[in-house]
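Everything below concerns the one structure shown next.
The values are calculated or read from the model by the stated rules, or taken from the named source; none is laboratory data. If you're wondering where the values come from, they're calculated on a predicted model, not measured in any experiment. So basically every Cβ, Gly included, is an ideal-geometry build from the backbone, and we count neighbours across all protein chains shown. What goes into the accessible areas is simple: the full protein's heavy atoms, side chains included, and nothing from ligands, DNA or RNA. Shrake-Rupley method; radii C 1.70, N 1.55, O 1.52, S 1.80 Å.
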Amino acid sequence: MALLECDSLVKRFGGLVAVDGVSLQVQSGEIVALVGPNGAGKTTLLNLLSGLLPLDSGQIRLRGARIDGLPPWRIARLGVGRTFQVPRVFELLSVAEHVRTGTVARALVDAGRRAAEAVDDEVRWALRMVRLEDRAACRAGQEPPGRRKLVELATVLGSRPRLLLLDEPLAGLHPRERQFAVGLLHRMRDERGVGILWVEHDMETVTRAADRVVVLHRGKVIADGPPPQVMEHPEVVRAYLGGIGGESPWTGSW
């Protein structure tokens, strides 16, 4: 059974079909990169999966159970963590307090099975995972944008997600931070079996880091498979290169 199953998802905004019959799966312990140009429907799809937008039609299952139609807070409690293109942080909280909001939310689900001190342990673990232990007492809203992304990610990690929905998590990070963030995704996959659906524009990073690539074009899935296979897919080449040979759509960014 797949961790996440999407079947024929459709979302319309007036006459615009932003997501047009999308079907895909994410397995536990798998990193799936979701790529395509601006306007392809990537962020809209994440909003559907996390409950921020209602479906017009289709079904979403998490570990076999329907989650479409549930409010975002219930989807989050079922183990779906979400980050955003522009990080959303509680500006007046310290970094540690911010991470605690995700950890405590998960502790409410596990009430009676976890001691109170386990929340503190989880906060320390999440801060250590993103290398922000020395920023624990700093105000989250005063951190630079790249570090705010890590605060947001640590908060999501503190909720012990089964599935991570990441919207351009590498944008705005320095090269060393980007390398570290990719390593962190691999650790979550390998050590905790987390499934990751990752929207990304840096194709060179995608080819190195993703297990599988799903390409969206005008709201439709036009390719789904391992990076080397998708690189050569005729529809991908036609859609993004206009049939021109001798180049690759996997250099630079989309």
message: So, residue 200, is that one surrounded by 20 or more Cβ atoms within 10 Å (Cβ to Cβ) and charged (D, E, K, R) or not?
response: yes
- prompt: Given the conditions (1) open to solvent by 30 Å² or more (accessible area, probe 1.4 Å); (2) small (Gly, Ala, Ser); (3) under 17 Å from the mean Cα position of the chain (by Cα), which single one is not true for residue 209?
  reply: (1)
message: Of all residues being open to solvent by 40 Å² or more (accessible area, probe 1.4 Å), assigned to a helix (DSSP H, G or I) and touching a residue at least 24 places away in the same chain (Cβ under 8 Å) in segment 43-89, which is nearest to residue 10 (Cα to Cα)? Just the residue, please.
response: 43
task: Tell me, please, whether a residue that is touching a Pro at 6+ places or on another chain (Cβ under 8 Å), modelled with pLDDT under 95 and closer than 29 Å to residue 143 by Cα can be found in segment 53-74.
output: no
message: Every residue in segment 121-140 that is open to solvent by 20 Å² or more (accessible area, probe 1.4 Å) and touching an Asp or Glu at 6+ places or on another chain (Cβ under 8 Å), please.
response: 124, 135, 139
- prompt: Exactly one of (1) surrounded by 19 or more Cβ atoms within 10 Å (Cβ to Cβ); (2) closer than 30 Å to residue 191 by Cα is unmet by residue 40. Its number?
  reply: (2)
task: Using the structure shown, decide if residue 156 is in contact (Cβ under 8 Å) with a residue 12 or more places away in the chain and in contact with a Lys or Arg (Cβ under 9 Å, 6 or more places away or on another chain).
output: yes
Residues of segment 3-37 that turn out to be in a loop (DSSP other than H, G, I, E, B) and open to solvent by less than 10 Å² (accessible area, probe 1.4 Å), as a count: 2
message: Being free of Cβ contacts under 8 Å to residues at least 12 places away in the same chain, assigned to a helix (DSSP H, G or I) and closer than 26 Å to residue 25 by Cα is the requirement here; does residue 191 meet it?
response: yes
